[in-house]
Every structure is written in structure tokens, then in C-alpha cells.
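Values in this text are rule-based calculations from the coordinates and carry no lab data. Not measured: the values here are computed from a predicted model. Here the Cβ positions follow ideal geometry from the backbone for every residue, glycine too, while neighbour counts run over all protein chains shown.
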Amino acid sequence: MNTIEQLSKAFDWRYATKKFDATKKISAETLTLLKDAMRKAPSSFGLQPYEVYLVESDEVKEKLSPACMNQPQITTASHLAIFVAKNEVSEDYVEKFTTLVRDERNFTEESWKNFDAFLKGVIASKGETVAGWTQRQAYISAGFLLLSAAGLEIDSCPMEGFNPEAVAEVLGVNFNEYTPVVMVALGHRSEEDATQHMPKVRVTEEKLIHTL
Ligand SMILES: Cc1cc2nc3c(=O)[nH]c(=O)nc-3n(C[C@H](O)[C@H](O)[C@H](O)COP(=O)(O)O)c2cc1C
């Protein structure tokens, strides 16, 4: 199979899995690649204003289940990647990031100061909308994870059907600082999951994509 065929196959192979085979776990090698996909996803300025909780403990999955409307994916998945986005982006957080960029890319002191001041200005101008912005960054990482998983024939389900505050409590995440926004359940589909046999429902290419 060439790369075009591989990618095209992944698009069709992936579906939002409703029930996983709980006996099948994701290998350590595959997990390493999936973690890399989340980490290397792009974000605005590269700021990555979110974190990911990767749940593999069955005990934690059981505790999460009622906070996720008892959806069967939670307790049958091999892993859950839960994306929590920052509610605010402090100047201190920006400075840690710009310092990292300076060190990794050998910025001069002057260009670092300019970059740092610029970025702090951009964040300040977002005001109340900053949480929406951090959350959008988290979704890009989740998207990278979904497609990477499909390419590796790992099944997945993106999920928003949960109570963010209750999920934060189970994870031990400070809800004043972070909001759980989306999770991706990962594993191997159960033969009993009827959804895998259903055709994909999508609008036509013409309706979705307007080529100018
Ligand atoms: C942001 C987001 C949240 C979703 N939340 C849930 C969910 O809580 N439970 C669920 O079973 N499916 C959930 N889905 C899956 C969608 O219903 C599914 O992707 C859509 O119906 C298209 O089907 P397909 O992914 O199988 O092609 C979610 C999808 C996205 C992108």
C-alpha cells in the first residue's frame, strides 16, 4: 500500500467506537508514538496551554464512569486521554515558555524580550476569551491523536459527554485552573460494537469545501 492508500484507509477505518474489547490493551511501543502525536501537535505560538491525563488504571476508569454518563467506552477502553485546558494564561506561564524558546533557539536577549512582551500583549488582548482559545489548542492535539491512532489501527472515540467538574475531581485537577474539555478513549473495537458496520454520514465535499 502506498502512503495515499494508507491515509485514505485510515480515514475510512476510523469510527467513533462505542464499545472496546476490554481484554485488548495498547502496547507500550504504540503508546509512545501516540504520546508523541499529542506532544508534537501544533498550537498557537507553540504555547501548549493544556495538559493531558492518560488514564490506564481500571480503578480510575471506574471512578470516571459516572462522570461520563456511564458511557461504555470509559470502562472498556485500554486508555483514556483526557485533555484539560488552562482557564487563564499568566504572565509567569508565558515567560517560562518564551525562556524555553530562547534557550532552545539561541535567541539574543533583545529578541527574547521583544518576543516575550509581544506574546504577553497578545494574551492580555484576549481577555475573557482566553479560555476558549486554550481549549481550541487542546482539540488540535486531540485531532492529531485520533488520526495517528487510526493510522496504527488503534480504535478511538472522541468524547465530550462528561461533567467537566466531576472529571477534574477524579483526576485531582484544580478546576479553577484547568477545565477538562475533551477526551479520547483508545483501544480495540469490540466485535459486539454495531457502529463499526454503519456507513459514514457526511455532507458532500461540495457542501463542505468551497474552492476559490
Ligand atoms: C468533540 C466530539 C465529542 C464527541 N462526544 C462523544 C461522546 O461523548 N460519546 C460518543 O459516543 N461519541 C462522541 N463523539 C463521536 C461523534 O458522535 C462521531 O464522531 C460522529 O457521529 C461521526 O461519526 P464517526 O466518528 O464514527 O465517523 C464525539 C465527537 C467529537 C468530535
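Observations, loosely collected:
- Alpha-carbon centroids, segment 154-212 and segment 78-129: separation in whole Å: 27 Å
- All C-alpha to C-alpha distances of segment 1-115, sorted into 10 Å bins beginning at zero, yield P(r) values of 11, 27, 29, 20, 11, 1 percent in whole numbers.
- Looking at segment 3-208, the pairs of alpha carbons with a distance over 26 Å make up 42% of the total.
- Per-residue ellipticity at 222 nm, computed for the chain from helices alone with -39500 (n - 2.57) per DSSP H run of at least four residues, works out to -14500 deg cm²/dmol.
- For segment 30-126, the list of trypsin sites (Lys or Arg not before Pro) that fall in a loop by DSSP and count at most 15 other C-beta atoms within 10 angstrom reads K40.
- Mean Cα-pair separation over length for segment 3-208, i.e. relative contact order, pairs under 8 Å, 6 or more apart, %: 37 percent
- Around the Cα centre of segment 19-85, unit charges on the Cβ atoms of Lys, Arg, Asp and Glu (plus for the first two, minus for the last two) sum to a dipole of about 160 debye.
- Leading residue at positive end of dipole, the chain (Cβ point charges), from P199, V84, S43: P199
- Restricting segment 83-130 to GluC sites (Glu not before Pro) in coil, as DSSP defines it, with at most 16 other Cβ within 10 Å: E88
- Where both bridge residues fall in segment 3-208, DSSP classifies roughly 95% of the beta bridges as antiparallel.
- Magnitude of the charge dipole, the chain, Cβ model with Lys/Arg +1 and Asp/Glu -1, debye to 20: 460 debye
- Neighbour cut-off at most 16 other Cβ (10 Å), DSSP loop, GluC sites (Glu not before Pro), segment 1-56: E56
- Fully extended contour minus Cα-Cα distance, from H197 to T129, at 0.36 nm per residue: 20.4 nm
- Quarter of the Cα convex hull surface for segment 83-125, i.e. its orientation-mean projected area (nm²): 3.5 nm²
- FRET efficiency estimate (nearest 0.05) - Cβ-Cβ, A166 to E56, R0 35 angstrom: 0.95
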